[in-house]
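The values are calculated or read from the model by the stated rules, or taken from the named source; none is laboratory data. Quantities reported herein were computed from a predicted structural model and do not represent experimental measurements. Backbone-built Cβ (ideal geometry, glycine too); neighbour counts: all protein chains shown. The protein model used for the area step is the full one, side chains on, heavy atoms only, and it has no ligands, DNA or RNA in it. Shrake-Rupley method; radii C 1.70, N 1.55, O 1.52, S 1.80 Å.
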Amino acid sequence: MVMIMKRILVDMSATLIHHGHIRLLKRASSLGQVVVALTIDEDIVKVKGYEPEILFEERQEILEAIRYVDKVIPAPWLIDNHFLFEHKIDLLVHGDDNRNHVDQDKLLIFPRTQGISSTILRSRALNVVSTLIIS
């Protein structure tokens, strides 16, 4: 009997990769082959209004080095059913901040890791920098 692994899509920007991302990827990997839909730089600028700290190619290299990731593909800010079909995806896994427009039977929501986000990391970095400048 041949086992066919499900293709699990995890979409993320991962502008500052942290342990919350790793936990999501690890959990997704228990469901099948993980494909990361990594938001392209242009969409981050358009939606968030800033250049990502880590550029697409660098974020892609980091994610490809993570054992829970099988493949990384460029992606727009929002994922839709057409994107899932085009990439032969069985299930989209996302944190509870999901805004993607996919059929509910193709979506699995996990709670976000509390106390961490790229925004929190930016704030921590700014506090460190401002402390160094004042010193």
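Show the residue pairs that are 6+ apart or on different chains and have beta-carbon atoms under 8 Å apart, the first residue being within segment 47-73 and modelled with pLDDT of 95 or more, the second being aromatic (Phe, Trp, Tyr).
Pairs found: 47/77.
Let me confirm something: among 22, 44, which residue is touching a residue at least 24 places away in the same chain (Cβ under 8 Å), assigned to a helix (DSSP H, G or I) and surrounded by fewer than 16 Cβ atoms within 10 Å (Cβ to Cβ)?
Residue meeting the stated conditions: 22.
How many residues are within 19 Å of the chain's Cα centre (by Cα) and either exposed (fewer than 10 other Cβ atoms within 10 Å of the Cβ) or over 24 Å from residue 53 (Cβ atoms) (or both) if we restrict to segment 105-118?
Of the residues in that region, 8 qualify.
Only residues that are part of a helix (DSSP H, G or I) and acidic (Asp, Glu): list them for segment 95-132, please.
Residue satisfying the conditions is 105 alone.
Is it the case that some residue within segment 80-94 is at pLDDT below 95, in contact with a Lys or Arg (Cβ under 8 Å, 6 or more places away or on another chain), open to solvent by less than 50 Å² (accessible area, probe 1.4 Å) and assigned to a strand (DSSP E or B)?
No, segment 80-94 contains no residue that is at pLDDT below 95, in contact with a Lys or Arg (Cβ under 8 Å, 6 or more places away or on another chain), open to solvent by less than 50 Å² (accessible area, probe 1.4 Å) and assigned to a strand (DSSP E or B).
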